[in-house]
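Novice: Take this structure first; my questions come after.
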Amino acid sequence: MIDKRVNTTAEAVAGVRDGSTVLVAGFGAVGVADHLLDALHEQGARELTIVANNSGNGDYGLARLINAGRVRKVICSYPRSGDYSAFLNAYRAKSLELELVPQGTISERMRCHAAGLGGFFSPVSAGTKLAEGKETREIDGRLHVFEKPLKGDVALIKANKADRWGNLTYIKSARNFNPVMAMAADLTVVEVDAMVELGELDPEAVVTPSIFVDRVVVVGADA
Amino acid sequence: MIDKRVNTTAEAVAGVRDGSTVLVAGFGAVGVADHLLDALHEQGARELTIVANNSGNGDYGLARLINAGRVRKVICSYPRSGDYSAFLNAYRAKSLELELVPQGTISERMRCHAAGLGGFFSPVSAGTKLAEGKETREIDGRLHVFEKPLKGDVALIKANKADRWGNLTYIKSARNFNPVMAMAADLTVVEVDAMVELGELDPEAVVTPSIFVDRVVVVGADA
Amino acid sequence: MIPKSWQPLTREQMAWRAAQDLKEGDYVNLGIGIPTLAASYVPPGREVIFHSENGILGMGPKPEPGKEDPNMVDAGKNKTTLVPGGCFVHHADAFLMIRGGHLDVSLLGAFEVSESGDLANWTTEDPAFPPGVGGAMDLAVGARAIRVIMEHTSKRGEPRILKACTYPLTAAACVKRIYSNLAVIDVTPQGLLVIEMIAGMTLEKLQASTEPRLQLAPDWQVLAPPEASEARAA
Amino acid sequence: MIPKSWQPLTREQMAWRAAQDLKEGDYVNLGIGIPTLAASYVPPGREVIFHSENGILGMGPKPEPGKEDPNMVDAGKNKTTLVPGGCFVHHADAFLMIRGGHLDVSLLGAFEVSESGDLANWTTEDPAFPPGVGGAMDLAVGARAIRVIMEHTSKRGEPRILKACTYPLTAAACVKRIYSNLAVIDVTPQGLLVIEMIAGMTLEKLQASTEPRLQLAPDWQVLAPPEASEARAA
């Protein structure tokens, strides 16, 4: 019987290697798999490249990983969000590298990898500083920039409900980057509020189909 | 008050011009907007380019348009499905042109247009007869083909329920090409089984958000 | 300093003016800052559908105190709500809507706008802080109409509508209309066209606060928003 | 004609053999024709999740007579069902799954396969009929393992496993395993490796029906499916 559920967040993040690219879903503090980020902190992998929209808050989750010196590079669209002092200190100390990518380009580059494509041309950022050094092409009279697929070794996903196959649903705007990142990593690890029986999720309303999911752990009150 | 509902299929397809590219959703006979196709037959637009997975069945819907000599070109993945004699006769008489495109490439090219991108590299069809004449590029050691966005002037969509803003849900495998084509045309016209009150569709389970929809008409028993 | 015989618009009044141009049925993205305020000033009875880059289509007003939902935030990470007819999408779909030209209007803040409609609103290149771009470049490229709400001049009184932007561009030749605290200005192929000015303002005085040459529309009107207090209450 | 001292597998038996290699938890796309039959022969108690290109993940068996749903069809447009845990996606997402390497196995029919794993299964270039490609090229490119079920020879007894395909390619160097009615053959960097043959078959006799050179795996086994009638009943 297929059962992707694991019992602890430690099992969920087991095997993440030094130097991994980790997709960290969420927008600000919403829809972030903080329990998995804490487990990754315990797990010990170093020299991580983090792909996220923001750069962490306070001293928990992603910020805690940064404070612990475990992050080599952050690929994000907007590091300046909330209390991002962990990132700011590391940035000023030049102990981590920042790759700034427009928000829609980050999500599209991950979908591009998920879809098995080799890259795409986008009008976003064409002619700006963020496109410096990138291949350009005029298409239908408009300047485009070539963008490459972006792949994760691991994705840390926050969902609401899961079944044992790994089908997922989300809550409201906590959906954000989660479904895209869930498709774009070799290992997709999910923390959920609750498990439901197989067949209980509406087949018309599953947002992340089970094929993208590797491990599921229940966190919070239902753990 | 926003109300995208129109009363008749004739109103729904009003204004389609000669030479238009029409996206015809459906897979085989499932999820096809046959009422809108019949209305398009009545409406009279000629020299149409049809984008579809198949090429019509019997003498209704798309096949009827072909039999009436109204179709100049079909862009599809698999014309040989069911009773496709309408297409076959026109094909043999060379009265229409066939552009054969792999099924996943058709849907991705439409999504590419919908997403405002200028094209993408795909490994599908690389090195085959269907890629002849296309730009190629080796990416990460694998040959890719450059594929261009595919845009409709009109999309004919079959959905299950709609509200007055045009949010849509589908039934089972009748979803198929519908959500992709709904995003990829200048004018998106939808036939539905039923209208529901605004707010009645689960906001977590809307498949086609209203932003992609222009006109909705109720067909069948609930019309 | 030029002595003032006029009263510049407040932030709320600028937002009010921008909101008057939103039409029934428009799909609109409101940028962080002043643009966000525009949602409160859509004329009563007019249905405008607000898009938020983090996956909300049909964003509603701020929640009432005590009714905040931790899973409902807007692009500025402030608590928000969903209206009936709204729905949720993931990030790639939210930006497909933006980049693909599905939005009717994108209302953005700006540091600078050039006479050809170039927009600079993402970085001041302050070396002490990391840059952030968020969805700014996507929004500046995708919507059918890109409009900017901005103070006409900097805190030091220097023009922010320039012949050429001094800060790094967000996108070139994208802005079609500017709502400032002094005027409404259209970016046209023939140059900047003033279509409204606040009471007491003259083209000469406005020109003195603007680097590129301004033209006054023959049918220009007085920009007369409700009193600040009324606008706030609307 | 070589006199036959063996009994080639039936279509059902070939499908049975392919099904034995599907593992618990595999996500599998079954091509039109013989591959579709494999769904019926997955060993009991083993959960395999079937994908259909038209947007079904978790496709179930044929519906019982009278319980057909007009909105539930498979890739061959035959009526099908959904199992608990299954869900629906749109076409672009269904092919994202295929092209993106998310499927563990793609089981395809073939006209011809070359010794380097080239696949020809989409057109015979019959000038009287239009070509159709459907999802064949997507399926041949994307899945982690591409396996083919095919009759070992044509109706005229000519080899269909060739040094080079004569029909236009679907994709180059993609096939990893061939289930024929005579043998199971792996496509390896060192050439074609026979890992199973039906009872009574010898490498020499198999080679006579195969164009490129075959090697016999040291640990090769007899390919012994259940009797046709049993296989059909499973």
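The values are calculated or read from the model by the stated rules, or taken from the named source; none is laboratory data. No experiment lies behind these values; they were computed from the predicted model shown. No Cβ is skipped: glycine too gets one built from the backbone with ideal geometry, and neighbour counts run over all protein chains shown.
Novice: Being within 15 Å of the chain's Cα centre (by Cα) and surrounded by 24 or more Cβ atoms within 10 Å (Cβ to Cβ) is the filter here; which residues of the stretch B:75-100 pass it?
Specialist: Correct list: B:Cys76, B:Ser77, B:Tyr78.
Novice: What's the total number of residues in the stretch B:108-143 that are within 22 Å of C:His102 (Cα to Cα) and surrounded by fewer than 18 Cβ atoms within 10 Å (Cβ to Cβ)? Walk me through it before giving the result.
Specialist: Within the stretch B:108-143, the subset within 22 Å of C:His102 (Cα to Cα) is B:108-120.
This time we only want the ones that are surrounded by fewer than 18 Cβ atoms within 10 Å (Cβ to Cβ), so: none.
Matching residues across the stretch B:108-143 total 0.
Novice: I want to confirm something. Restricting to the stretch A:161-172 and keeping residues that are surrounded by fewer than 24 Cβ atoms within 10 Å (Cβ to Cβ) and farther than 17 Å from C:Asn54 by Cα, which single residue is farthest from the other protein chains (Cβ to nearest Cβ)?
Specialist: Here the residue is A:Lys161.
Novice: Are there any pairs, at least 6 apart or on different chains, whose C-beta atoms fall under 6 Å, with the first in the stretch A:114-137 and without any contact (Cβ under 8 Å) to a residue 60 or more places away in the chain and the second buried (at least 16 other Cβ atoms within 10 Å of the Cβ) and among the polar types (S, T, N, Q), and if so, which?
Specialist: A:Leu117/B:Ser122; A:Val124/A:Thr105; A:Ala131/A:Ser125
Novice: Okay, next question. Here are B:Phe121, B:Phe87, B:Phe177: which of them is facing another protein chain (nearest Cβ under 10 Å), under 25 Å from B:Val190 (Cα atoms) and touching a His at 6+ places or on another chain (Cβ under 8 Å)?
Specialist: Values: B:Phe121 fails: under 25 Å from B:Val190 (Cα atoms); B:Phe87 fails: touching a His at 6+ places or on another chain (Cβ under 8 Å).
Among B:Phe121, B:Phe87, B:Phe177, only B:Phe177 is facing another protein chain (nearest Cβ under 10 Å), under 25 Å from B:Val190 (Cα atoms) and touching a His at 6+ places or on another chain (Cβ under 8 Å).
Novice: Please determine, by comparing only the residues of the stretch B:1-50 that are free of Cβ contacts under 8 Å to residues at least 60 places away in the same chain and of a type in the set (A, V, I, L, M), which one is nearest to the other protein chains (Cβ to nearest Cβ).
Specialist: Checked the stretch B:1-50; the qualifying residue nearest to the other protein chains (Cβ to nearest Cβ) is B:Ala29.
Novice: Identify the single condition in (1) at pLDDT 95 or above; (2) facing chain C (nearest Cβ under 8 Å) that A:Ser81 does not satisfy, given that it satisfies every other one.
Specialist: Evaluating A:Ser81 over (1) at pLDDT 95 or above; (2) facing chain C (nearest Cβ under 8 Å) leaves (1) as the failure.
Novice: If you scan the stretch D:88-106, which residues turn out to be within 7 Å of another protein chain (Cβ to nearest Cβ) and out of contact with any helix residue (DSSP H, G or I) (no Cβ under 8 Å at 6 or more places or on another chain)? Working first, answer last.
Specialist: Step one: list which residues in the stretch D:88-106 are within 7 Å of another protein chain (Cβ to nearest Cβ), which gives D:88-92, D:95-102.
Selection gives nothing.
Novice: Same structure again: For the stretch B:180-210, enumerate the residues that are crowded, with 24+ Cβ neighbours inside 10 Å, within 10 Å of chain C (Cβ to nearest Cβ) and either of a type in the set (Gly, Ala, Ser) or within 12 Å of the chain's Cα centre (by Cα) (or both).
Specialist: Matches in the stretch B:180-210: B:Met183, B:Ala184, B:Ser210.
Novice: Collect the residues in the stretch A:207-223 that are part of a loop (DSSP other than H, G, I, E, B) and among the small types (Gly, Ala, Ser), keeping them in residue-number order. Walk me through it before giving the result.
Specialist: Step one: list which residues in the stretch A:207-223 are part of a loop (DSSP other than H, G, I, E, B), which gives A:207, A:209, A:213-214, A:219, A:223.
Selection gives A:Ala223 alone.
Novice: Look through A:Asp193, A:Asp202 and report the one residue that is out of contact with any helix residue (DSSP H, G or I) (no Cβ under 6 Å at 6 or more places or on another chain) and modelled with pLDDT of 95 or more.
Specialist: Working: A:Asp193 fails: out of contact with any helix residue (DSSP H, G or I) (no Cβ under 6 Å at 6 or more places or on another chain).
On inspection, the qualifying residue turns out to be A:Asp202.
Novice: Still on this structure, please answer the following. Looking at B:Phe146, B:Phe177, which is the one that is crowded, with 24+ Cβ neighbours inside 10 Å and either modelled with pLDDT of 95 or more or out of contact with any strand residue (DSSP E or B) (no Cβ under 8 Å at 6 or more places or on another chain) (or both)?
Specialist: Numbers: B:Phe146 fails: crowded, with 24+ Cβ neighbours inside 10 Å.
Going through B:Phe146, B:Phe177 in turn, the sole match is B:Phe177.
Novice: Could you grab the pairs with beta carbons closer than 9 Å, sequence gap of 6+ or different chains, first residue in the stretch D:127-138 and in contact (Cβ under 8 Å) with a residue 12 or more places away in the chain and within 7 Å of chain B (Cβ to nearest Cβ), second one crowded, with 20+ Cβ neighbours inside 10 Å and among the basic types (Lys, Arg)?
Specialist: Short answer, once both residue conditions are applied: D:Asp138/D:Arg99.
Novice: Among the residues of the stretch C:201-234, count how many are at pLDDT 95 or above and either exposed (fewer than 14 other Cβ atoms within 10 Å of the Cβ) or not β-branched (Val, Ile, Thr) (or both).
Specialist: Qualifying residue count, the stretch C:201-234: 22.
Novice: Within the stretch D:198-228, track down each residue that is under 13 Å from D:Arg17 (Cα atoms), part of a strand (DSSP E or B) and free of Cβ contacts under 8 Å to residues at least 12 places away in the same chain.
Specialist: Of everything in the stretch D:198-228, nothing turns out to be under 13 Å from D:Arg17 (Cα atoms), part of a strand (DSSP E or B) and free of Cβ contacts under 8 Å to residues at least 12 places away in the same chain.
Novice: State whether the residues of the stretch B:123-136 include one that is at pLDDT 95 or above and farther than 27 Å from B:Glu99 by Cα.
Specialist: No, the stretch B:123-136 has no match at all.
Novice: Scan the stretch C:179-197 and give yes if some residue there is among the small types (Gly, Ala, Ser), in a loop (DSSP other than H, G, I, E, B) and within 23 Å of C:Val105 (Cβ to Cβ), otherwise no. Working first, answer last.
Specialist: Of all residues in the stretch C:179-197, those among the small types (Gly, Ala, Ser) come to C:180, C:183, C:191.
Subsequent filtering for residues that are in a loop (DSSP other than H, G, I, E, B) retains C:180.
So of that shortlist, the ones also within 23 Å of C:Val105 (Cβ to Cβ) come out as C:180.
Yes, some residue in the stretch C:179-197 is among the small types (Gly, Ala, Ser), in a loop (DSSP other than H, G, I, E, B) and within 23 Å of C:Val105 (Cβ to Cβ).
Novice: Applying the selection to the stretch C:131-190, what residues are under 14 Å from the mean Cα position of the chain (by Cα) and aromatic (Phe, Trp, Tyr)?
Specialist: Correct list: C:Tyr179 only.
Novice: Then there's this: For the stretch C:45-63, which positions are more than 14 Å from chain A (Cβ to nearest Cβ) and modelled with pLDDT of 95 or more?
Specialist: Scanning the stretch C:45-63 gives C:Arg46, C:Glu47, C:Val48, C:Ile49.
Novice: Another one. Pull up the stretch D:75-87, narrow it to residues that are more than 8 Å from chain A (Cβ to nearest Cβ) and surrounded by 24 or more Cβ atoms within 10 Å (Cβ to Cβ), then point me to the one that is farthest from B:Lys172 (Cα to Cα).
Specialist: Per the stated criteria, the residue is D:Ala75.
Novice: To continue, here is another question. Quick check: anything in the stretch C:147-164 at pLDDT 95 or above, part of a loop (DSSP other than H, G, I, E, B) and within 14 Å of chain A (Cβ to nearest Cβ)?
Specialist: yes
Novice: Here is a follow-up. Tally up the residues in the stretch D:129-155 that are farther than 18 Å from D:Thr166 by Cα and either out of contact with any Lys or Arg (no Cβ under 8 Å at 6 or more places or on another chain) or among the aromatic types (Phe, Trp, Tyr) (or both), please. Even if it seems obvious, please write down each step before you answer.
Specialist: Residues of the stretch D:129-155 that are farther than 18 Å from D:Thr166 by Cα, as a first pass: D:129-130, D:134-135, D:138-139, D:141-147, D:149.
Okay, now just the ones that are also either out of contact with any Lys or Arg (no Cβ under 8 Å at 6 or more places or on another chain) or among the aromatic types (Phe, Trp, Tyr) (or both), so D:129, D:134-135, D:139, D:143-144, D:149.
Qualifying residue count, the stretch D:129-155: 7.
Novice: Have a look at D:Asp26, D:Asp21, D:Asp69 and point out the one that is of a type outside the set (Val, Ile, Thr) and away from every other protein chain (no Cβ under 12 Å).
Specialist: Details: D:Asp26 fails: away from every other protein chain (no Cβ under 12 Å); D:Asp69 fails: away from every other protein chain (no Cβ under 12 Å).
Answer to the selection: D:Asp21.
Novice: Right, something else. For D:Lys163, which of the numbered conditions (1) in contact with a helix residue (DSSP H, G or I) (Cβ under 9 Å, 6 or more places away or on another chain); (2) surrounded by fewer than 20 Cβ atoms within 10 Å (Cβ to Cβ); (3) of a type in the set (Lys, Arg) fails to hold?
Specialist: For D:Lys163, the exception is condition (1).
Novice: Just checking, how many residues over the stretch A:44-78 are out of contact with any His (no Cβ under 8 Å at 6 or more places or on another chain) and either over 20 Å from A:Arg175 (Cα atoms) or not in a loop (DSSP other than H, G, I, E, B) (or both)?
Specialist: Total meeting the criteria: 23.
Novice: For D:Leu119, state whether it is crowded, with 20+ Cβ neighbours inside 10 Å, away from chain A (no Cβ under 14 Å), touching a Pro at 6+ places or on another chain (Cβ under 6 Å) and under 30 Å from D:Val194 (Cβ atoms). Show your work before the answer.
Specialist: Working: crowded, with 20+ Cβ neighbours inside 10 Å: yes; away from chain A (no Cβ under 14 Å): yes; touching a Pro at 6+ places or on another chain (Cβ under 6 Å): no; under 30 Å from D:Val194 (Cβ atoms): yes.
So D:Leu119 fails the test.
Novice: Continuing with the same structure: Of the residues D:Ile49, D:Ile34, which is in contact with a Lys or Arg (Cβ under 7 Å, 6 or more places away or on another chain) and hydrophobic (A, V, I, L, M, F, W, C)?
Specialist: D:Ile34
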